[in-house]
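Accompanying notes for the structure given below.
Just so you know, all these numbers are worked out from the coordinates, no wet-lab data involved. Not measured: the values here are computed from a predicted model. Please note: Cβ atoms are built from the backbone with ideal geometry, for glycine as well, and neighbour counts cover all protein chains shown.
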Amino acid sequence: MILKDLVDKKLTIYEEGFDDWKEAIRANAIPLKKEGYIEDEYVDAVIACVEKHGPYIVIAPNIAMPHSTEGAPGVNKTGIGFMKVEKPVHFDPEDPEKDARLFFMLASENPEEHLNNLTQLADVLSNDDLVNDLLDAKNDEDVLAVAEKYATEE
Amino acid sequence: MLKVIAACGNGMGSSQIIKMKINKVFKKLGIDATIDHTSVGAATSMASNYDVVFVAQNFVGNFASAAEKGTKIVGLKNLLSEQEIEEKIIEAGLDK
């Protein structure tokens, strides 16, 4: 179960809220940096990406997937960093559908491993009940409970 | 055989998710399709070689010239919603 993997790999972080989406992305990156997956250079690239292309990284209501390119400078390992935010982060002040509380930062250095992760993540996030439970999660224990609850459905 | 391309800002995240999701819906609807994925930058120059382009809604405008040449451009708001994808596939007449 991918959610359990993220907890096991210490790639999770829980925050109250952010006035600025850039701060949110920087916070999302903290565990990935600490565990040696990425460097600041990659985080800057991710932010530049959103500035260039707009908030398309909010792939579904409440769900943001900040990322840059495959094998981008500043990526050492393939992984996904999870952040849960209590108050919605606004990416587009005009469009509440671009608010996000669940962040999954993608880092990819190995396309095959990345695609495997992404496939699992897409399956997990396609389950509306699971997403609702995840929105209530406040710490690793809660996320593990969600992972446990839905583990059999994979 | 429908030729489809899924595109996003960089071709590593959302475009792959779009590809997974539309593949699932095409199979469900019994539509025979080959699906590639790439970045929006690369896709704009290749789009006219495809029957249909799937992108996040905010990129639809990037494909105006391909749309003029007859490529169908489908913009998605919720990339994870198979329901939205199915509705838009039918709306675009891709099941015909």
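Placing +1 on the Cβ of every Lys and Arg and -1 on the Cβ of every Asp and Glu, with nothing else charged, gives chain A a dipole about its Cα centre of roughly 320 debye.
Among the DSSP beta bridges whose two residues both lie in the protein assembly as shown, what percent are antiparallel, rounded to the nearest 5? All intermediate terms of the calculation are to be shown ahead of the outcome.
Values: 11 of 34 bridges.
Taking every DSSP beta bridge with both residues in the protein assembly as shown, the antiparallel ones total about 30 percent.
Residue by residue along A:21-29, Cβ atoms of other protein chains within 10 Å of the local Cβ number 0 on average. Over 24 Å apart at the Cα level, from the set A:LYS77/B:LYS28; A:LYS87/B:LYS19; B:LYS28/B:LYS88; A:LYS84/B:LYS19, are A:LYS77/B:LYS28; A:LYS87/B:LYS19; A:LYS84/B:LYS19. With Cα atoms as the point set, the stretch A:2-153 shows a radius of gyration and Dmax of 14.2, 40 Å. Dipole orientation for the protein assembly as shown: of the candidates A:LEU144, A:HIS90, B:CYS8, B:CYS8 has the Cα lying most toward the positive pole (charges on Cβ; Lys, Arg +1; Asp, Glu -1).
Taking all Cα-Cα distances within the stretch B:2-91, those exceeding 22 Å account for 14%.
Given a cut-off of 22 Å, name the pairs among A:LYS4/A:LYS138; A:LYS149/B:LYS77; A:LYS98/B:LYS72; A:LYS9/A:LYS138 whose C-alpha atoms lie farther apart than that in the structure shown. Listed pairs above 22 Å: A:LYS149/B:LYS77; A:LYS98/B:LYS72.
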